[in-house]
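The values are calculated or read from the model by the stated rules, or taken from the named source; none is laboratory data. Keep in mind the model is a prediction, meaning the values are calculated, not measured. Note that we place each Cβ from the backbone using ideal geometry, even for glycine, and neighbour counts take in every protein chain shown.
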Amino acid sequence: MNIHELLTVDPIVPLVQADDPEVAVNISRALAAGGLRVVEVVLRTERALDCLQAVAGELPDIIAGAGTVLTAAQANAAVDNGANSLSLRDSMTASSAPPGTVASRCTQARLHRARCSMPSISVSRQ
């Protein structure tokens, strides 16, 4: 099931804010045990990308997203660290991303608003 299908069934996306990858993995594991299969690692801490990489790497059954993505550089860094989805600020969209950024590097990137207040890009890797 992809993120679009999951959000149609259960539109809850818990935010994981941690500065320690082990903490992020443990929180995400607990959320998954409770039936939530999509998490968003917030990009508010110095080690947020390390946390994202740990969640994506250690919990492959979870869709690990990153947010809120404010720049193309953040989008690229999030994808490079395992993000499967990106929550974007309204001013940034896949169509406005410059060449060489996540939108042009991914096989598939599409916007959706599946009961979400912010646009999101679903990332499919080659």
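Looking only at the range 43-76, residues that are at pLDDT 90 or above and surrounded by fewer than 18 Cβ atoms within 10 Å (Cβ to Cβ) come to 9 in all.
With the structure loaded, tell me whether Gly35 is at pLDDT 85 or above and on the phi > 0 side of the Ramachandran plot or whether it fails that test. When the stated conditions are applied, Gly35 passes them.
Residue-by-condition table, conditions (1) within 16 Å of Ala83 (Cβ to Cβ); (2) assigned to a loop (DSSP other than H, G, I, E, B):
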{"site": "Ile12", "(1), (2)": "no, yes"}
{"site": "Ser28", "(1), (2)": "yes, no"}
{"site": "Gly35", "(1), (2)": "no, yes"}
{"site": "Val39", "(1), (2)": "yes, no"}
{"site": "Val55", "(1), (2)": "yes, no"}
{"site": "Pro60", "(1), (2)": "yes, yes"}
{"site": "Gly67", "(1), (2)": "yes, no"}
